[in-house]
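Trainee: Take a look at this one; I'll ask things after.
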C-alpha cells in the first residue's frame, strides 16, 4: 500500500509549491555579494559534474543570471560518499532570520516514557523536498567552473532551512506529536504501548508521508523493535542510554593537540552531559585551555581530565524516563568553582535511578558567594534546568543537600537582594529540603524511610501520607511568630512590659525570650484581632488539628499561647467557622436513656472496634477500621475494604494494635459479620478475650466508636477533595488530630494519657519536654490511670443527666437574615454522602411562608424548590473576626465580556447530554458546574484534572493523555 514511500532511485520530480516554501528575505540595505570559486579535487569534480547534471535533469536547479552567488564545497557522509554543499555564509549574514524553534531532545525523550515498541523512519533528500519561494531563487544562486545556477528547492546551508523544515514537519504530524510520533528534522520516531496500536500508528504516518510526497530511505529505517537508536541515544521502555558507537568514538578519541581539538571533544561530550555526573567539574581544566589569551599547555592535569571524561562516558549509567506520577529526588552540591545536581526517581526495581545530571561552572562573581549561597545556587540551577519536570508537581520534590543550613534557609535569615529573588524563583515549586550528612547513602536512606509494607486485608497505603498534605500539617510557626513580634510594636500594653523587662525590672510571670514576650512560659498575643485570628487558625483550621470544637481548640492553643479573654476569642472563632458550620452534625441530642458500662482499670484492657463502610475508593480501600481504647480514648484508624472478613479484621488487629499495646481483656463491637465470624470467636477463645456486641437498633454499648466514626467522617469532610478519592492519605493526620486533642470525658489528651507528654504540634514548639525519671514513671502512670477512671465515672454520670434533656428551642429567623440550609434532603453529586457537607449556603431569607417555613434566595445552579421548614435552617451569625463570607460564583456565558479565571477543577459529569466540569473560580468560594464551552481559558487545568483522574468523564475536545 505504501511501498512507493520507500524509493531506492534518485529524486526525479520537482516537489510542489506549498505554504512552507522557504523565503529568503534580505535585511534592509543589503547589497548582493559573491565569492570566489573554490578549487576541487578530481573526485570532487566528478561528483560536482554528476550532481549538476542530475539536478538539471530533475529540474531542481536552472541556469541563472543572479548578481550574487555562493561557492560550492564538499563534505563526507557517514558512508564515505561526498555531499555537495553551498557556502552560504555571506548570504546568511544579510538574511532576516526565522525564529521557529527546534525541539529540545530532552523534551522529545520525556514523551517516550511509556512507549514499549518503536519504528524509526529517515526521510530521503531532506531539505530538497521543500521548494524555494517563487521569486527568491536568484538569492540562493551558486557558481562553479561549469557555470552559474540557482536552486528551485531548499539547500543545506541556508540559515532558515532548519526552522522552515521543522515547521513543515510539525504541521504534517501536529495532532500526533507527543502521542505516537516525535520528529526531529528528517528523523521520525513512531512509538506505541502495544503491537496492535503500533501498526495503526505506523500506517497513519506512512499515509501522511505519501499524501505530502515525502519519501524514506529504506536502509535507514527500523521497524517494530523494543530498543532503538535515535539521535545518538539508545531508547528502550522506560530507559535511555548512550549509543555504544558514540562511546567507542569517545574512547578512541586521539589526545587533543590544539584548542580546536579540545572544542570538538567537549562539544561532542556536551550532548551526553546528562549521563556524566559532575561533567563541568571534570572538564574544568579543558575549558581553561579554550579561554582567550590562554597559551596552549597540555599537562598531567588536562590529560587526567581528558581520560576521566572518556571513562565517564564509557561507564555512563542508564537513565530512566521521568514519571510525573512519581516523586522526584534532587541531590544538589557545590564546590568552590562549580555546582552539580542529580535528578532521580525510584525505578520499577525499587531502586533509585538517575534521570539526568547537571554540572555548571561558576563565574568569577559567583565564586565569591558564601558557602550557603553556593549551595543554594546549586538548587536554583537545578530547578531552572528541570523546570519542565519539577514545576507543578503534586508530590513535593525531595531536595537532598549536605549543607545543614539549607533546611531552614527561608526562616533563619532576613531575605534580601539575590536570596530574596531566589526565594521568588523557588516559590513556584513544591519541594522540601533534607540535610543528608552522608552523601553516598543519602538517597538509599530516604528510600528506606518511604518503603511501607501493607498486610493482608488493608493497613497503611503505599503513599501513606500525601507529601503536600504532610508539609501543610507540619508548617513551622516561625512566620507566625514574626507576625506576633511585629504586632508588639503597635500594642501599648506589650510595649510597657517589654520596656520594663529590657530595663532589668522584675515583672512577675513575664519574660522576654528571643524577641517573644512570654507570660507564665507561654507566648503572649497582643490585642490585635488579625493576629489572634491567625493564631487560632493555626490550631483550628490546620489539617493536623482537624477543625476541633471550642473546648479542644482552646486546649491546643493554651499549650503554647495566652492572651486576655482567650476562651471567648476561641469560642467566637469556632462558632463562626464556615467549614464547621457546613460539615458538622447537628448538636441536638437525640432522645433515649443512657446506661453506661463499667470503666476499665488500665489502658488497652478494653477496646472497641467498628467499621466505617461505603466510602468511595481511595488507593484501593473503601472502609476504615476504627479501634479505641476505652480508658485513655486513644484511637487508631486503619484503611481496609468493604469486603473485609473476620480473618482480615484479626490480621489488622495483630498488625496495628497488638504490636503496640498487647492483648485486651475485652472487645466491644457491633453485630457486623466481620465481628461475629467463627474465626474471630475461636481467636477470642484461644486468646482469652471476652467479646461484647451492641444491641440491635440501640448500639449504646458501642457508643464510643459510633461517636468516633462521626468525628472521623467530619474530619475527612473538611479536607477531602470533591471526588473524595484521597481520604486514605488523610487518616494519619486525622488520627494525630484526635489523639492530640483533649477528651471531654478524661480531661486529658489520649496521647498524654498513654505516654505522659504532649507531642510537638509544629516545628519549633517547646512542648513535650520529656517524661519523668524512670523510677517515678510507673507510679506516676498508675496514679494517672486512677484519675482517668475517676474522671470517666463522673463524666458518665454527667452524660446521663445531659442525655435525657429535651431539645433546644429553634432560633428566631427574620426576613433578610442569612441562613445555612441542612443538606440531608438534597441529592449530592459527590461519590459518598458520608463525606459530603452537612449544610450549604448561607442563603438570604426572602419571605416567611406560614408559621414554620421560609423562602430562600438560591443560586441558579441549585434547581430545587426554595421553601424550607425552619427545622432545616440555622441562622448565620456575624463573624467577629471579619472572615470573608462566601461570594456567589460568577455567571458565565460564552459571549460574556468578563473573563473569569478558574482556580481548580475537581470533577466532571454528564448533564442533559453535555459534559460539565465542577470548578472553583479565583476569588470566589463557591463551586459550580460549568459546560466545557465556558472554560476555554482553563484547558490546561482540565487536562491536568484528567491526568489525575483518567477514568473521569471527558469532553470530546479534551485530548486523552498517553495510556499507562
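The values are calculated or read from the model by the stated rules, or taken from the named source; none is laboratory data. Note that the coordinates shown come from a computational prediction; the quantities given were computed from them, not determined experimentally. Don't worry about glycine lacking a Cβ; one is built from the backbone with ideal geometry, like all the others, and counts go over all protein chains shown.
Trainee: Might you let me know whether the stretch 140-155 holds any residue that is surrounded by fewer than 15 Cβ atoms within 10 Å (Cβ to Cβ), part of a loop (DSSP other than H, G, I, E, B), without any contact (Cβ under 8 Å) to a residue 24 or more places away in the chain and over 39 Å from the mean Cα position of the chain (by Cα)?
Mentor: Looking through the stretch 140-155, none of the residues is surrounded by fewer than 15 Cβ atoms within 10 Å (Cβ to Cβ), part of a loop (DSSP other than H, G, I, E, B), without any contact (Cβ under 8 Å) to a residue 24 or more places away in the chain and over 39 Å from the mean Cα position of the chain (by Cα).
Trainee: Within the stretch 624-656, which residues are assigned to a loop (DSSP other than H, G, I, E, B) and touching a strand residue (DSSP E or B) at 6+ places or on another chain (Cβ under 7 Å)?
Mentor: At the first step, the residues of the stretch 624-656 found to be assigned to a loop (DSSP other than H, G, I, E, B) are 630-634, 641-645.
The answer is 630, 641, 642, 644.
Residue-by-condition table, conditions (1) closer than 23 Å to residue 217 by Cβ; (2) under 56 Å from the mean Cα position of the chain (by Cα):
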| residue | (1), (2) |
| --- | --- |
| 3 | yes, yes |
| 14 | yes, yes |
| 53 | yes, no |
| 62 | no, no |
| 70 | no, yes |
| 82 | yes, yes |
| 90 | no, yes |
| 94 | no, yes |
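Rundown of residues vs (1) within 30 Å of residue 952 (Cα to Cα); (2) surrounded by fewer than 21 Cβ atoms within 10 Å (Cβ to Cβ); (3) out of contact with any strand residue (DSSP E or B) (no Cβ under 8 Å at 6 or more places or on another chain), yes/no style:
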| site | (1), (2), (3) |
| --- | --- |
| 726 | yes, yes, no |
| 733 | yes, no, yes |
| 743 | no, no, yes |
| 757 | no, yes, yes |
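Trainee: Somewhere in the stretch 250-262, is a residue surrounded by fewer than 17 Cβ atoms within 10 Å (Cβ to Cβ), assigned to a helix (DSSP H, G or I), in contact with a helix residue (DSSP H, G or I) (Cβ under 7 Å, 6 or more places away or on another chain) and at pLDDT below 80?
Mentor: Taking every residue of the stretch 250-262 in turn, at least one turns out to be surrounded by fewer than 17 Cβ atoms within 10 Å (Cβ to Cβ), assigned to a helix (DSSP H, G or I), in contact with a helix residue (DSSP H, G or I) (Cβ under 7 Å, 6 or more places away or on another chain) and at pLDDT below 80.
Residue-by-condition table, conditions (1) at pLDDT 70 or above; (2) not assigned by TED's automatic domain parsing to the domain that holds residue 920:
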position: 846; (1), (2): yes, yes
position: 849; (1), (2): yes, yes
position: 855; (1), (2): yes, yes
position: 860; (1), (2): no, yes
position: 864; (1), (2): no, yes
position: 880; (1), (2): yes, yes
position: 897; (1), (2): no, no
position: 900; (1), (2): no, no
position: 907; (1), (2): yes, no
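Trainee: Got at least one residue in the stretch 190-202 being assigned by TED's automatic domain parsing to the domain that holds residue 99 and under 25 Å from residue 13 (Cα atoms)? Spell out the reasoning first.
Mentor: Keep residues of the stretch 190-202 that are assigned by TED's automatic domain parsing to the domain that holds residue 99, which gives 190-202.
Those still in the list that are under 25 Å from residue 13 (Cα atoms) too: none.
Scanning the stretch 190-202, I find no residue that is assigned by TED's automatic domain parsing to the domain that holds residue 99 and under 25 Å from residue 13 (Cα atoms), so the answer is no.
Trainee: On to the next question. Looking at the stretch 1-24, which of its residues are exposed (fewer than 15 other Cβ atoms within 10 Å of the Cβ) and not in a helix (DSSP H, G or I)? If you could, list the steps in order and put the result at the bottom.
Mentor: Quick first cut of the stretch 1-24, residues exposed (fewer than 15 other Cβ atoms within 10 Å of the Cβ) only: 1-4, 8-10, 12-14, 16-19.
Matches in the stretch 1-24: 1, 2, 8, 9, 10, 12, 13, 14, 16, 17, 18, 19.
Trainee: Do we find a residue being within 23 Å of residue 286 (Cα to Cα), in the same structural domain as residue 253 (by TED's automatic domain parsing) and at pLDDT 80 or above anywhere in the stretch 376-392?
Mentor: Of the residues in the stretch 376-392, the ones within 23 Å of residue 286 (Cα to Cα) are 378, 381.
Next cut, in the same structural domain as residue 253 (by TED's automatic domain parsing) only: 378, 381.
Within this subset, residues satisfying the condition of being at pLDDT 80 or above are 378, 381.
Yes, some residue in the stretch 376-392 is within 23 Å of residue 286 (Cα to Cα), in the same structural domain as residue 253 (by TED's automatic domain parsing) and at pLDDT 80 or above.
Trainee: Right, here's the next one. Which of the residues spanning the stretch 114-124 are surrounded by fewer than 17 Cβ atoms within 10 Å (Cβ to Cβ) and either over 42 Å from the mean Cα position of the chain (by Cα) or modelled with pLDDT under 85 (or both)? Steps first, please.
Mentor: Start the filter on the stretch 114-124 by keeping residues that are surrounded by fewer than 17 Cβ atoms within 10 Å (Cβ to Cβ), which leaves 114, 116, 122.
Result: 114, single match.
Trainee: Find the residue count for the stretch 719-748, including only residues that are within 21 Å of residue 656 (Cα to Cα) and touching a helix residue (DSSP H, G or I) at 6+ places or on another chain (Cβ under 7 Å).
Mentor: Let us first name the residues in the stretch 719-748 that are within 21 Å of residue 656 (Cα to Cα), namely 727-740.
With touching a helix residue (DSSP H, G or I) at 6+ places or on another chain (Cβ under 7 Å) added as a condition, the list becomes 727, 729-730, 733-734, 737-740.
Qualifying residue count for the region: 9.
Trainee: Determine whether the stretch 94-105 contains at least one residue that is crowded, with 17+ Cβ neighbours inside 10 Å, touching a residue at least 24 places away in the same chain (Cβ under 8 Å) and over 26 Å from residue 215 (Cα atoms).
Mentor: The answer is yes, given that some residue of the stretch 94-105 is crowded, with 17+ Cβ neighbours inside 10 Å, touching a residue at least 24 places away in the same chain (Cβ under 8 Å) and over 26 Å from residue 215 (Cα atoms).
Trainee: Determine whether residue 209 is out of contact with any strand residue (DSSP E or B) (no Cβ under 6 Å at 6 or more places or on another chain), part of a helix (DSSP H, G or I) and modelled with pLDDT of 90 or more.
Mentor: Details: out of contact with any strand residue (DSSP E or B) (no Cβ under 6 Å at 6 or more places or on another chain): yes; part of a helix (DSSP H, G or I): yes; modelled with pLDDT of 90 or more: yes.
For residue 209, the condition - out of contact with any strand residue (DSSP E or B) (no Cβ under 6 Å at 6 or more places or on another chain), part of a helix (DSSP H, G or I) and modelled with pLDDT of 90 or more - is met.
Trainee: Further question: Could you please let me know if residue 234 is free of Cβ contacts under 8 Å to residues at least 40 places away in the same chain, within 35 Å of the chain's Cα centre (by Cα), surrounded by fewer than 20 Cβ atoms within 10 Å (Cβ to Cβ) and not in a helix (DSSP H, G or I)?
Mentor: Working: free of Cβ contacts under 8 Å to residues at least 40 places away in the same chain: yes; within 35 Å of the chain's Cα centre (by Cα): yes; surrounded by fewer than 20 Cβ atoms within 10 Å (Cβ to Cβ): yes; not in a helix (DSSP H, G or I): yes.
When the stated conditions are applied, residue 234 passes them.
Trainee: Just wondering, is there one or more residues in the stretch 166-179 that are part of a helix (DSSP H, G or I), more than 33 Å from the chain's Cα centre (by Cα) and touching a residue at least 60 places away in the same chain (Cβ under 8 Å)?
Mentor: Yes: one or more hits.
Trainee: Also, quick follow-up: Out of 279, 191, 275, which single residue is under 33 Å from the mean Cα position of the chain (by Cα), at pLDDT 80 or above and crowded, with 19+ Cβ neighbours inside 10 Å? If you could, list the steps in order and put the result at the bottom.
Mentor: Numbers: 279 fails: at pLDDT 80 or above; 275 fails: at pLDDT 80 or above.
Only one candidate qualifies: 191.
Trainee: So, one more: Say whether the condition of being at pLDDT 80 or above and outside any helix (DSSP H, G or I) is met by at least one residue in the stretch 922-929. Quick ask: steps written out before the conclusion?
Mentor: Step one: list which residues in the stretch 922-929 are at pLDDT 80 or above, which gives 929.
If we keep only those that are outside any helix (DSSP H, G or I) too, we end up with 929.
There is at least one residue in the stretch 922-929 that is at pLDDT 80 or above and outside any helix (DSSP H, G or I).
Trainee: Hey, another quick one. Residue under question is residue 50, and the condition is that it be touching a residue at least 60 places away in the same chain (Cβ under 8 Å) and over 30 Å from residue 211 (Cβ atoms); does it hold?
Mentor: Working: touching a residue at least 60 places away in the same chain (Cβ under 8 Å): no; over 30 Å from residue 211 (Cβ atoms): yes.
Against the criterion (touching a residue at least 60 places away in the same chain (Cβ under 8 Å) and over 30 Å from residue 211 (Cβ atoms)), residue 50 does not qualify.
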